[in-house]
């Protein structure tokens, strides 16, 4: 059982006078309304939850890979950690309520915006050793890791996942993976057609899309990054400011300034979850 988090209106009430807050049986934090905030949640996640769970996993000789399930609240920000996956009850409930959803149904609902979200997520998860392995064919001396075993393991995982999907994927094999990864070489006619398409349609397409592009929603990855930076700034002053009233005022003003972006992210996330 992890040490629980308790939030009070005052960090040092009379009953705790002279007490070492770090030695309490709970993680003790405070804000003027005794509410969970993004700053408090981030502080708890990074300095309480992660170290305690990591120590527990080491004690049990288990890999440090954890799923943290939290309520779908505005005070629970999007946090990234290499060993912790953060998800909400709402996402899980949506999945449970749509067990009958087929692959074809999901594919029909999958939009370009969904694609952008997945691309941003996948790009952020690319490991340095994966990028390093890309040089294997043309500059083998600079490749430090042997990725043969890793690639083989990944292929097995992909095949197993495909088989779990069911109808239509029961016979999915390594040949199917290779077919998806290896592209056919362009013929001379293909190159000519491609060049003509670019000259005739390319410029028009770009000009016609300008207005729509200006109205498009900012990339989700950048939006999350901005919200995280704001939370870190808020958290920094709440923890280190000698004047709690000034820090609380800063917190209120920051949250007010960022409310539009938080609402925007909430709408994007809700839209994405509805499509899933």
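A quick yes/no check of all residues on (1) surrounded by fewer than 16 Cβ atoms within 10 Å (Cβ to Cβ); (2) modelled with pLDDT of 85 or more; (3) in contact with a strand residue (DSSP E or B) (Cβ under 7 Å, 6 or more places away or on another chain); (4) in a helix (DSSP H, G or I):
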| residue | (1), (2), (3), (4) |
| --- | --- |
| 1 | yes, no, no, no |
| 64 | yes, yes, no, no |
| 67 | yes, no, yes, no |
| 73 | yes, no, no, no |
| 99 | yes, no, no, no |
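Looking across 21, 62, one residue alone is without any contact (Cβ under 8 Å) to a residue 12 or more places away in the chain, over 27 Å from the mean Cα position of the chain (by Cα) and over 30 Å from residue 270 (Cα atoms). It is 21. When residues in the range 36-62 are screened for being part of a loop (DSSP other than H, G, I, E, B) and out of contact with any strand residue (DSSP E or B) (no Cβ under 7 Å at 6 or more places or on another chain), 4 of them pass.
Residue count for the range 3-33, restricted to those that are in a loop (DSSP other than H, G, I, E, B) and under 22 Å from residue 79 (Cα atoms): 3. Taking the range 201-238, which residues are at pLDDT 70 or above and over 19 Å from the mean Cα position of the chain (by Cα)? Of everything in the range 201-238, those that are at pLDDT 70 or above and over 19 Å from the mean Cα position of the chain (by Cα) turn out to be 233, 234, 235, 236, 237. Pairing each residue of the range 136-156 that is part of a helix (DSSP H, G or I) with any residue that is at pLDDT below 75, provided the two are 6+ apart or on different chains, yields no C-beta distance under 6 Å.
The values are calculated or read from the model by the stated rules, or taken from the named source; none is laboratory data. Everything quoted here is computed from the prediction, not taken from an experiment. No Cβ is skipped: glycine too gets one built from the backbone with ideal geometry, and neighbour counts run over all protein chains shown.
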